[in-house]
Amino acid sequence: MSDLFEDPTPEKQTSGNAPEFSVSEIAGAVKKTIEGAFGRVRVRGEVGRVTLARSGHMYFDIKDDRALINAVSWKGQVSKLAVIPEEGMEVIATGKLTTFGSQSKYQLTVDAVEIAGEGALMALLEKRKKALAAEGLFAPERKRPIPFLPEIIGVVTSPTGAVIRDILHRLSDRFPRKVLVWPVAVQGDACAPQVAAAIEGFNAMTPGGALPRPDLLIIARGGGSVEDLWGFNEEVVARAAAASDIPLISAVGHETDTTLIDFVSDLRAPTPTAAAEHAVPVRAELLAWTSEQEARLTRALTQGLSRRGERLRDISRGLSDPQSFVNIAQQRLDRWSSQLDLALRTEVSRKRARFQEHAGAIRVASLQGGITQRRADLEKLAERLASAPDRYASRKKEDFSKQSNRLRSEIVVRHVREASRSAEGLFQRLSDRATRQQQDRLQKLEALDRLRQTLGYKATLARGYAVVRGDGDLVTSKATAEQAQLLEIEFADGVLGAGTAGGSSPKSMPRKPKIIRGGGEEDGGQGSLF
């Protein structure tokens with residue numbers, strides 16, 4: 001196979017005995033040579049075109065200012081990439097250099113991608129920040145207020161670092177609260193998915209359950225380089241924080257460090273300790289404030305009662321003696337009670353006299369006669385009532401018979417026929433009217449067409465006039481006709497060429513044309529329609 005890459009000797013060129021290779025053998029030899037010479041390589045460059053195929057494979061270019069390498073990551077490799085290549089990103093791609101024999105190309109099969117330097121990281125961060133800001137995830141109106149005194153605080157951080165100890169210590173000093181810690185990796189490839197899963201997990205808890213849902217979340221990590229904090233710049237973490245129903249405080253890095261989660265969180269704390277301070281108030285300060293408010297309330301109540309007592313005493317001095325009002329009422333009661341006995345006796349006597357007056361008019365015989373008369377009237381009404389249902393039923397039966405006679409089938413059929421004849425007559429009238437309107441409009445159209453022909457210049461030509469054109473344009477004056485190189489005269493039955501006017505003219509044509517008006521002739525003239 002070494003002969004494949006060696007220059008043939010002059011003897012072999014002249015003898016015609018050089019070995020022959022198939023295209024597949026050439027492609028296989030090149031593939032073995034490239035893979036054997038390079039193997040796994042790390043390539044640094046700028047990502048160019050990026051294409052994600054429907055099959056899940058990713059194709060992209062890695063280039064610098066002088067060359068370009070095609071790269072591919074198969075479907076299984078794409079899901080494991082820590083950084084997904086984006087156009088314009090400067091990366092270090094690690095993979096195996098191989099060939100694609102079907103198109104005589106070589107390419108890099110990439111299984112790992114990392115950002116090439118802090119500058120590229122910041123450019124990527126800025127690009128993500130603009131994309132999320134355009135979606136409105138940083139809008140101030142989306143941010144929720146932090147609870148004043150949460151019952152349960154959820155902390156997403158590393159369980160072994162100093163961050164969790166600082167948070168617990170500061171919470172214990174200020175106002176002890178229940179704390180739920182969700183342990184996660186705070187740097188590396190596992191950081192972003194674990195932090196996003198922790199935020200979603202806290203939100204999935206049931207309020208008041210066996211493991212109750214926190215009232216506040218703190219996402220915390222100590223300081224570090226841009227690469228160390230990069231997990232909190234991933235889009236999956238930012239979207240999880242923006243979708244959280246629980247108010248969230250971000251405390252990632254030191255005060256000068258800024259990550260993507262800081263922009264979507266409800267509150268950014270410069271340090272994890274500051275996050276604990278924002279989470280709860282100082283218990284001693286609350287107790288002092290409560291005591292002060294209690295003292296102020298007590299003083300206000302005491303002073304209010306004292307002022308009202310003084311006011312009551314001042315008003316009471318202006319009132320008369322209550323006993324005087326009672327004495328007057330007592331005197332009226334005594335006077336009315338002394339008159340009550342006499343008034344009762346007088347009323348009883350008056351009622352007795354009226355009763356005796358009416359008692360003489362009430363006799364047993366008259367009452368008996370009234371009862372007899374009422375009984376007779378009642379019997380007559382009972383007889384009428386007994387026959388009333390039959391009479392009512394007979395009247396209704398007669399009414400029903402009359403209505404049924406009106407609804408016989410022959411009557412209905414007659415009405416239908418009459419309505420049909422009426423509809424046919426109406427349709428015939430409508431059709432006749434439409435026909436007449438159409439004829440009238442056709443006649444108007446023909447009249448307008450005749451008027452158009454009468455007013456057109458063709459009809460004028462038929463009456464003995466003519467149209468003069470010079471060099472193809474309409475001539476409207478003598479001066480224009482004299483300047484024209486070629487004159488034409490249009491009559492009703494055709495166009496006559498009159499030769500030249502301004503230049504040399506034929507012998508048969510005078511230099512100045514005669515203008516014809518209604519069959520006569522005269523020199524000069526200003527019109528072109530004769």
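For the reader, a short list of remarks on this structure follows.
- Just one of the listed residues (A501, A447, A481, A459) is open to solvent by less than 80 Å² (accessible area, probe 1.4 Å) and at pLDDT 85 or above, namely A447.
- Within segment 160-179, restricting attention to residues that are part of a loop (DSSP other than H, G, I, E, B) and open to solvent by 70 Å² or more (accessible area, probe 1.4 Å), the residue that is farthest from L149 (Cα to Cα) is T160.
- Subset tally (residues that are surrounded by fewer than 18 Cβ atoms within 10 Å (Cβ to Cβ) and touching a Lys or Arg at 6+ places or on another chain (Cβ under 9 Å)) for segment 190-204: 2
- Only one of L344, L286 that is aliphatic (A, V, I, L, M), under 60 Å from the mean Cα position of the chain (by Cα) and either at pLDDT below 90 or at positive phi (or both): L286
- Test: A238 is under 27 Å from the mean Cα position of the chain (by Cα) and either part of a helix (DSSP H, G or I) or over 17 Å from R142 (Cα atoms) (or both): yes
- Complete set of residues in segment 475-484 that are within 16 Å of L496 (Cβ to Cβ) and touching a residue at least 24 places away in the same chain (Cβ under 8 Å): V475, A481
- Selection over segment 46-79 of residues that are surrounded by fewer than 18 Cβ atoms within 10 Å (Cβ to Cβ) and of a type in the set (F, W, Y) gives a count of 2.
- Matching option when the condition is modelled with pLDDT under 95, of a type outside the set (D, E) and under 28 Å from the mean Cα position of the chain (by Cα), among S244, S225: S244
- The single condition among (1) open to solvent by 80 Å² or more (accessible area, probe 1.4 Å); (2) modelled with pLDDT of 85 or more that A466 does not satisfy is (1).
- Selection count where residues are β-branched (V, I, T), in contact with a strand residue (DSSP E or B) (Cβ under 6 Å, 6 or more places away or on another chain) and more than 16 Å from I261 (Cα to Cα), scope segment 171-228: 2
- A220 vs. criteria touching a residue at least 24 places away in the same chain (Cβ under 8 Å) and surrounded by 24 or more Cβ atoms within 10 Å (Cβ to Cβ): yes
- Leading residue by the ranking (modelled with the lowest pLDDT) among those in segment 16-44 that are open to solvent by less than 60 Å² (accessible area, probe 1.4 Å) and assigned to a helix (DSSP H, G or I): E35
- Considering segment 403-444, the residues that are assigned to a helix (DSSP H, G or I), open to solvent by 100 Å² or more (accessible area, probe 1.4 Å) and among the aliphatic types (A, V, I, L, M) include one that is farthest from A492 (Cα to Cα), namely L426.
- Residues of segment 205-217 that are open to solvent by less than 50 Å² (accessible area, probe 1.4 Å) and within 21 Å of K143 (Cβ to Cβ): P214, L216, L217.
- Segment 103-155, subset polar (S, T, N, Q) and in contact (Cβ under 8 Å) with a residue 24 or more places away in the chain, residue nearest to D262 (Cα to Cα): T109
- The strands (runs of 3 or more DSSP E) falling completely within segment 50-158 that include 2 or more residues that are touching a Ser or Thr at 6+ places or on another chain (Cβ under 9 Å) and within 29 Å of A242 (Cβ to Cβ) map to 58-63, 105-115.
The values are calculated or read from the model by the stated rules, or taken from the named source; none is laboratory data. In this text the structure is predicted, and so the values were computed from the model without any measurement. Virtual Cβ from ideal backbone geometry, glycine too; neighbours counted across all protein chains shown. The accessibility values were calculated without ligands, DNA or RNA, using every heavy atom of the protein model including side chains. Shrake-Rupley method; radii C 1.70, N 1.55, O 1.52, S 1.80 Å.
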